[in-house]
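Rule-based calculations on the coordinates, nothing more; no lab input. Quick caveat, the model's predicted, so the values are computed rather than measured. For neighbour counting, all protein chains shown are included, and Cβ atoms are generated from backbone atoms with ideal geometry for every residue, glycine included.
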Amino acid sequence: MHESIADYIVDVVQNAIESTAGNIELEIRETDAFLSVLVRDDGRGMTPETLSRARDPFYSDGIKHPERSVGLGIPFLLQLVASVGGEQRIFSEPGNGTEVSFSLPVAHIDMPPIGDICTAVTSVLTFDGAYELTVFRSRNGREYTVRRSELRSVLEELESVGARTLLLEYVRSQEECLHA
Amino acid sequence: MAKMTLDELRKLRETKKIEMDMRSPENKSIHIIVGMGTSGIAAGAKQTLNAFVEELNEHGLTEVAVRQVGGMGLDHAEPTVEVRVPDMPTVIYGRVSADIARKIVRKHVLGKQLVNEHIFDRPAADIVEGNR
């Protein structure tokens, strides 16, 4: 299991990147009562049978690691949602992409910490790959949006320690306005 | 802190870029690649990544590329990290905690010596060849 909700978010977006998606949308909506996350991609998608098997921790499609027989990303998420009485929905269509959404009651006693959203947003913006990612973040009526292509254009690249540090500073300034 | 605009970010980047260009250009070809698949994240790869960025920043190595990829297929040794430094063998390190990440920066990147006890992949022949 992951230690924070921020880790689950990175994991789900990383799955979308690995599905060869060109466009990914991440929404993180927070109120005093709920934290809701949606990840939508236009990657390779899954058949109903593959999606059903992806819920099984002892199944992996073997595409990336032929020697591996477990896949823990989706099972981890399902276990989290079940443990806090949340809701989740996974919709996928081969060739058209996947949409993963979940909503968690923040006051539940078994709710993990939300974690560092700034680091998570910086992380999902800086994976290897030629994907576009739009991040929409809201908290109690305040919101911001960041786009990977715009940030890449401004920073020229997103890999170097210098660019990463500036990107984190930028995301922190957006996030702090939600908490002001 | 006021909300930073993209224009302000661009100006900040231009200022830093001038500083970076004055430093050693060969650092641009150093790559630290952190496995951030499910097992890596669960094992603490986020802390590992942050430690690399912080330690490299502390030593002024802001041109070094710190990249994120999915799992490297060495789940038993997460967090895993590939390190590419010119004139040294490419190495995959395993069980890289934040402390080990800082050690890799000091010993491997700066000191040009391998952190042998954490090497999990890549043939020893490379090391022998590299030392001839």
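Here are the numbers for this structure:
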| read-out | value |
| --- | --- |
| Ascending count of other beta-carbon atoms within 10 Å, so fewest first, for B:Lys46, B:Lys28 | B:Lys28, B:Lys46 |
| ³J(HN,Hα), Karplus 6.51/-1.76/1.60, whole Hz, each residue of region A:99-108, x for Gly, Pro | 10, 10, 9, 8, 10, 10, x, 5, 8, 4 |
| DSSP bridge orientation in region B:26-124 - percent antiparallel, rounded to nearest 5 | 65 percent |
| Angle between chain B longest axis and helix B:6-21 axis [Cα atoms, degrees, rounded to 10] | 60 degrees |
| Cut-off under 5 Å, modelled amide H: who pairs with B:Ile30 long-range | B:Ala65 |
| Candidates A:Thr122, A:Thr47, A:Thr98: whichever shows maximal mean-square fluctuation once chain A is modelled as a Gaussian network with Cα springs under 10 Å | A:Thr47 |
| Estimated vicinal HN-Hα couplings, Hz - region A:84-93 in sequence order (Karplus 6.51, -1.76, 1.60; Gly, Pro = x) | 10, x, x, 10, 9, 8, 10, 10, 8, 9 |
| Alpha-carbon Rg/Rh ratio, for the protein assembly as shown, with Rh computed the Kirkwood way | 0.97 |
| In sequence order, calculated HN-Hα J values of region A:113-119 (Karplus, 6.51, -1.76, 1.60; Hz; x Gly/Pro) | x, 5, x, 8, 5, 4, 5 |
| Cross-link partners of B:Lys46 among lysines (Cα-Cα below 28 Å; sequence separation of 8 or more within a chain) | A:Lys64, B:Lys3, B:Lys16, B:Lys17, B:Lys28, B:Lys103, B:Lys107, B:Lys112 |
| Region B:26-124: radius of gyration and largest Cα-Cα distance (Dmax), Å | 12.0, 34 |
| Potential extension, B:Arg84-B:His31 segment - 0.36 nm per residue separation minus Cα distance | 18.6 nm |
| Most mobile of B:Gly70, B:Gly35, B:Gly111 in a GNM of chain B (Cα contacts under 10 Å) | B:Gly111 |
| Among B:Ile30, B:Ile104, B:Ile18: highest mean-square fluctuation, GNM of chain B, C-alpha pairs under 10 Å | B:Ile18 |
